[in-house]
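Here's the structure, in structure tokens; my notes come after.
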Amino acid sequence: VVKSEQKKIISEISGFLEDAINESRNITYELSPPVLYEMGLIPAINWKLDEIEKNNKIKTSSINRSKSYEVGKREQIILYRSINELLQNVLKHSKAKNVNITFRLLTNDYRITVSDNGIGFDLKTMRDKALSEKKFGLFSIMERIKYIGGSVEIDTKPRKGTKVVINMPIKKYKI
């Protein structure tokens, strides 16, 4: 015979397990949403921007001037996760009212710009703090982008917002 105290404990544990399962599903969905695989990078980012706008007090926008250029699957995943992390940084730290993402196809580069009108930060101070506290968000993004052949530029100043530019060289294929 199970006592009421034991039933209460079992019920509580079941609730914790259910929460953990739901949270892991949410994280998996966030990291690799089906729309990324089904429709590509830009629709996935637009979906993410819609979610952010629905759940936060921030206006989002996206401009696509990439002439339907598509990067490879591996690059798409890394770019999606990097842009997602940049957006989370905007939400957590910037106090921005607006965030904009622009996709551009240039002569030699595929350029993605994430910009906000938030409080900005001092890049050197942030770099020093990241090293001392072992928090490497922006630097891990830079490493991931470098790994797939791209580069990241950060333009920010206190009270002037932040602009992060991701440049991916366009692969030239010989015919």
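The values are calculated or read from the model by the stated rules, or taken from the named source; none is laboratory data. Values in this document were obtained by computation on a predicted structure and should not be read as measured data. Cβ atoms come from the backbone with ideal geometry, glycine included; neighbour counts cover every protein chain shown. Protein only, heavy atoms only, side chains kept; ligands, DNA and RNA dropped before computing areas. Shrake-Rupley method; radii C 1.70, N 1.55, O 1.52, S 1.80 Å.
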Fill in the blank from the handout: Log entry, pairs with first residue in segment 127-152 being of a type in the set (D, E, K, R) and in a helix (DSSP H, G or I), second being modelled with pLDDT under 90 and surrounded by 15 or more Cβ atoms within 10 Å (Cβ to Cβ), beta carbons closer than 9 Å, six or more apart or on different chains, reads Arg127/Leu138
Exercise for the section: Please state which one of Lys95, Lys172, Lys146 is of a type in the set (D, E, K, R) and modelled with pLDDT under 90. Expected result: Lys172
Exercise for the section: For Ser61, state whether it is open to solvent by less than 20 Å² (accessible area, probe 1.4 Å), small (Gly, Ala, Ser) and touching a strand residue (DSSP E or B) at 6+ places or on another chain (Cβ under 9 Å). Expected result: no
Practice task
Determine whether segment 105-118 contains at least one residue that is over 15 Å from Lys160 (Cβ atoms), touching a Lys or Arg at 6+ places or on another chain (Cβ under 6 Å) and among the hydrophobic types (A, V, I, L, M, F, W, C).
Solution key: yes
Practice task
Could you list all residues from segment 1-30 that are at pLDDT 85 or above and hydroxyl-bearing (Ser, Thr, Tyr)?
Solution key: Ser4, Ser11, Ser14
Practice task
Scan Leu36, Leu91, Leu86 and give me the residue that is within 17 Å of Asn167 (Cβ to Cβ), touching a helix residue (DSSP H, G or I) at 6+ places or on another chain (Cβ under 9 Å), open to solvent by less than 90 Å² (accessible area, probe 1.4 Å) and of a type outside the set (Asp, Glu).
Solution key: Leu86
